[in-house]
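S.K.: Next up is a structure, given as structure tokens.
The values are calculated or read from the model by the stated rules, or taken from the named source; none is laboratory data. Not measured: the values here are computed from a predicted model. So basically every Cβ, Gly included, is an ideal-geometry build from the backbone, and we count neighbours across all protein chains shown. Keep in mind that these areas ignore ligands, DNA and RNA; they rest on the heavy atoms of the full protein, side chains included. Shrake-Rupley method; radii C 1.70, N 1.55, O 1.52, S 1.80 Å.
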Amino acid sequence: QQNVQQSPESLIVPEGARTSLNCTFSDSASQYFWWYRQHSGKAPKALMSIFSNGEKEEGRFTIHLNKASLHFSLHIRDSQPSDSALYLCAVPPNYNVLYFGSGTKLTVEP
Amino acid sequence: DPKIIQKPKYLVAVTGSEKILICEQYLGHNAMYWYRQSAKKPLEFMFSYSYQKLMDNQTASSRFQPQSSKKNHLDLQITALKPDDSATYFCASSQDRTGGYEQYFGPGTRLTVL
């Protein structure tokens, strides 16, 4: 079973800032690495995923993965108030069961 | 139209009672899951089903029993309810049980046990 840790626990940034969220995991055998976003009172929704070392960009969001250091991160460029949410990283083992971190609560102030 | 339906949205129960949480997905997916989220614990995996068969069980207590009557249904029966069972229960589904497929979450059932 994966041990997934997230940092920081919470973050407050001004609108337009670049935001970085971190996730560490324990089992390097995992192949897929996910970020989910959960707005208050809503269901979690997948934001993006990565399956190989390196970087993947989708719009304002970028994931970095370094399997050797058991670490991946999410970077948000030009943060918007609508980005305010709980961000959850998830690392499935070799089958599709999501082990989530405890989340980073992001607040983007206008 | 909602693709994953969970019923009821809110549920209040008394300690010791039994409740059933309903989940139906209309995405044509073959794998379904239950997760639980409370103020005390982060979002945690409970069960996974693939083609109506139980594949993974992370729940230590036998008071939690998933039930799949149809391919697109996965209900969760909880017996002998305790206040610690108070949480939001999310049903999810994915195309398959392999790791690369996105999981889609339902809106959740918020259970309060008094």
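S.K.: Return the pairs, sorted by first residue and then second, in which the second residue is among the small types (G, A, S) and in a strand (DSSP E or B), the first residue lies in region A:19-44 and is farther than 11 Å from A:C89 by Cβ, the beta carbons are less than 7 Å apart, and the residues are 6+ apart or on different chains.
M.R.: Final answer for the pair search is A:S20/A:S73; A:Y32/A:S49; A:Q38/A:A85; A:H39/A:A85.
S.K.: What are the residues in region A:20-43 that are within 11 Å of the chain's Cα centre (by Cα), hydroxyl-bearing (S, T, Y) and open to solvent by less than 20 Å² (accessible area, probe 1.4 Å), if any?
M.R.: A:Y36
S.K.: If A:S20 satisfies all but one of (1) closer than 28 Å to B:K3 by Cβ; (2) in a strand (DSSP E or B), what's the number of the condition it fails?
M.R.: (1)
S.K.: Going through region B:43-56 one residue at a time, which ones are within 11 Å of chain A (Cβ to nearest Cβ) and either surrounded by fewer than 13 Cβ atoms within 10 Å (Cβ to Cβ) or within 19 Å of B:P83 (Cβ to Cβ) (or both)?
M.R.: Selection gives B:E44, B:M46.
S.K.: Now a separate question. Out of region A:69-96, which residues are surrounded by fewer than 23 Cβ atoms within 10 Å (Cβ to Cβ), assigned to a strand (DSSP E or B), out of contact with any Gly (no Cβ under 7 Å at 6 or more places or on another chain) and within 14 Å of another protein chain (Cβ to nearest Cβ)?
M.R.: A:A85
S.K.: Quickly run through region B:27-42 and pick out the residues that are open to solvent by 60 Å² or more (accessible area, probe 1.4 Å) and facing another protein chain (nearest Cβ under 10 Å).
M.R.: B:K41
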